[in-house]
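The values are calculated or read from the model by the stated rules, or taken from the named source; none is laboratory data. All values derive from a computational prediction rather than experimental measurement. So basically every Cβ, Gly included, is an ideal-geometry build from the backbone, and we count neighbours across all protein chains shown. Side chains included, ligands, DNA and RNA excluded: accessible areas come from the protein's heavy atoms. Shrake-Rupley method; radii C 1.70, N 1.55, O 1.52, S 1.80 Å.
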Amino acid sequence: MGTNKHALPAKARLFEVGPRDGLQNERVHLNVQQKVELILGLIDAGMRDIEVGSFVHPKWIPQMADTDAVLRALPKRDDVRYWVLVPNLRGLEGAIEAGAENIAVFLSSSESHNKKNINRSIDESLESLREVTAVARGEAMTIRGYVSTVFGCPYEGDVDFTRVLEITGALIEMGASQVSLGDTTGMGSPYQVRDRLERALDVFPTEQLALHLHDTRGLGLANALVGLEVGMTTFDTSVGGMGGCPYAPGASGNLGSEDLVHMLQTAGVETGVDLARLLDVSHLLENDFGTTLNSRFYRYAQAGARPASRATS
Ligand code: HMG
Ligand code: MG
């Protein structure tokens, strides 16, 4: 892919998780039509990998209960991959019935978070995911993996990064084309993130890894920048900075897509995403759909749009 004049990768790929990770934690529940409008807006802004929902228990995450209808309503496009999150075989069956081609499986690197999130031990999850991924491979699906809490767990504190690397390797062996390293509650800090990513990149090529940042403590962009510096090229973000894991106290939004696109633009890293169009999507989410947005760049752009008399008062 090459590097630019700042010795950063010349290109980076954004993996948009707003319609799943963002909306799963939203007070306002979007209907199918609104979700489709959101996803089409993201495509229009240049996003090519979009997580559009999950097949989890609707009692646990009611916001995602209509993922099958969303998937069915989306136009098929050769240049866009729609992803859905599946926790188990039951979820995979729902995804297959709805015509999903790309699935993301997930587990945590901390026992307590895994138990709270999916009611399983890590070993039980790995065993279940072996079955899920075998069926998915049989259906010629593309598989992505997530490992959560890799820079810290809200219940256990620090996590053993050697274990993170083992779980990542296990997911790749199961057929995951990429594993996303999740800072589920934004506990990562730049030098820790850099050291851990260097270790991960010693073992796996950058195409096999993604960085999934939450901006809980305002370190999302700093962590993304050190990620870029050590060679990471795929970043999960959420439009408007929506989101958070409902089973991780204090998990606020994902790193905002606008925030990262803006920083990458200033650093001369190409993303193929149009910032102005992305802001239109956030505007739709906040003004028409009533969601809560945390993206700093979006807030700045909104303030700039206000009449000067109000902006300065
Ligand atoms: P469980 O209660 O242990 O499931 O939940 P079970 O296998 O014991 O079955 C109990 C009942 O649930 C049964 O129904 C099953 O059929 C049903 P009953 O027989 O009692 O009528 N069931 C399901 N229903 C719908 N969809 C399913 C499903 N599976 C079983 N897939 C389960 C286990 C995983 C389902 C549950 O714990 C769950 O849904 N958890 C939600 C987890 C979640 O969505 N968390 C947020 C996403 S992860 C995240 O945000 C982190 C990430 O962004 C990365 C990062 O930031 O680090 C990815
Ligand atoms: Mg997340």
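Of all residues assigned to region 265-282, none qualifies as being more than 17 Å from Thr3 (Cβ to Cβ), modelled with pLDDT under 95 and more than 16 Å from ligand 1 (Cβ to nearest atom). Restricting to region 212-239, name every residue that is within 16 Å of ligand 2 (Cβ to nearest atom), over 13 Å from Leu181 (Cα atoms) and either open to solvent by less than 10 Å² (accessible area, probe 1.4 Å) or touching a Lys or Arg at 6+ places or on another chain (Cβ under 6 Å) (or both). The answer is Gly220, Ser238, Val239. Pairs meeting the criteria (first residue in region 135-152 and more than 12 Å from Leu211 (Cα to Cα) and open to solvent by 40 Å² or more (accessible area, probe 1.4 Å), second residue in a strand (DSSP E or B) and among the β-branched types (Val, Ile, Thr), beta carbons under 9 Å, at least 6 apart or on different chains) are Arg137/Ile143; Thr142/Ile103. Of the residues making up region 156-174, those that are open to solvent by 30 Å² or more (accessible area, probe 1.4 Å) and within 15 Å of Leu129 (Cα to Cα) are Glu166, Ile172, Glu173.
Taken over region 160-216, the criterion of being within 21 Å of Gly18 (Cβ to Cβ) and assigned to a helix (DSSP H, G or I) is satisfied by no residue. Of all residues in region 25-82, those satisfying the criterion of being assigned to a helix (DSSP H, G or I) and under 19 Å from Asp274 (Cβ atoms) are Glu37, Leu38, Ile39, Leu40, Gly41, Leu42, Ile43, Asp44. Of all residues in region 92-109, those satisfying the criterion of being under 19 Å from Leu209 (Cβ atoms) and either of a type outside the set (Val, Ile, Thr) or open to solvent by 10 Å² or more (accessible area, probe 1.4 Å) (or both) are Asn102, Ala104, Phe106, Leu107, Ser108, Ser109.
Each residue in region 179-205 was checked for being under 18 Å from Phe15 (Cα atoms) and open to solvent by 30 Å² or more (accessible area, probe 1.4 Å), and 1 pass.
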